[in-house]
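First the structure, in the form of structure tokens, and then the observations on it.
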Amino acid sequence: MTEREKGTWIAMEEATQHDFDIVMDWEEEYNAGLVDRLFDQLRMLDEAWTPYPINRYQHSLQSATRAYHDGADEETIVAALLHDIGDVIAPYNHGEVAAAIMKPYVSEKTYWILKHHCVFQGYYYNHYLGGDRLAREKYRDSPYYEDCKYFCHNYDQNAFDINYDSKPLEFFEPMVRKLFAKNAGHMELNERSDDAAA
């Protein structure tokens, strides 16, 4: 970033239109690097330590590859790639983190799947951990119930095959950049937030 003008206010209530024009110029430049930061976050899942047959980075690539081979649309493929991206910083609610990151760029259905995939994934292991494997049933009335069930069954719970030929991250990069570019730019704050009615 080049040397540029910065605001001098110490409280937002003191800022002017000019000050927020400056802020938005900086924000636009910073936000243009979002996909690169997401890829950095995804690569953080490429850890040697893992109790699973493959690590979470490999799992993410395999999940996206399975969606690709299943003929899923690009939005779903990218969702499969990034569905566990919050694992590093939010291991107990990573689905909500992934959903929040992708909300401005995806459909309501994809947002819902990402947000709830952890509960649906629990169908495959909760009963081994003293939990309720049928916890997903509380969402049965959702129009996206079957979609989330399908996503977890076909792209998540089965994406731990050490011998699976997953596509590399570079294969998915154009899809991710295309998806995140479609809604880039200025968005109203109330359109970005997850209000109480959602």
- Message: Run the simple label-point estimate for Asp36 and Asn158 please: 7 Å along Cα→C-beta, distance reported in nm.
- Response: 3.8 nm
- How far is helix 34-43 tilted, in degrees, relative to the longest principal axis of the Cα atoms in the chain, given as a value from 0 to 90 rounded to the nearest 10? 40 degrees
- Give me the angle, in degrees from 0 to 90, between the Cα long axis of helix 17-31 and the longest principal axis of the Cα atoms of the chain, rounded to the nearest 10. 30 degrees
- Query: Which of Pro104, Ala135, Pro91 sits closest to the plus end of the dipole of the chain, meaning its Cα is farthest towards the positive end, when Lys and Arg get +1 and Asp and Glu get -1 on the C-beta?
  - Reply: Ala135
- Task: For Asn55 paired with Asp25, estimate the spin-label separation in nm (one decimal), with each label point 7 Å from Cα along the Cα-to-Cβ line.
- Result: 4.1 nm
- Query: Taking Cα centroids, how far is the stretch 103-158 from the stretch 16-33 in Å?
  - Reply: 37 Å
- Task: Provide the descending list of Cα extents for the chain along its principal axes, expressed in whole angstroms.
- Result: 56, 37, 32
- Item | Crossing angle, helix 56-69 versus the chain [Cα axis fit, 0-90 degrees, rounded to tens] | 80 degrees
- Query: Under the definition of Cα pairs under 8 Å and six or more residues apart, what whole-number percent is the relative contact order of the chain?
  - Reply: 21 percent
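Values in this text are rule-based calculations from the coordinates and carry no lab data. The structure displayed is predicted, hence computed values, not measured ones. Note that we place each Cβ from the backbone using ideal geometry, even for glycine, and neighbour counts take in every protein chain shown.
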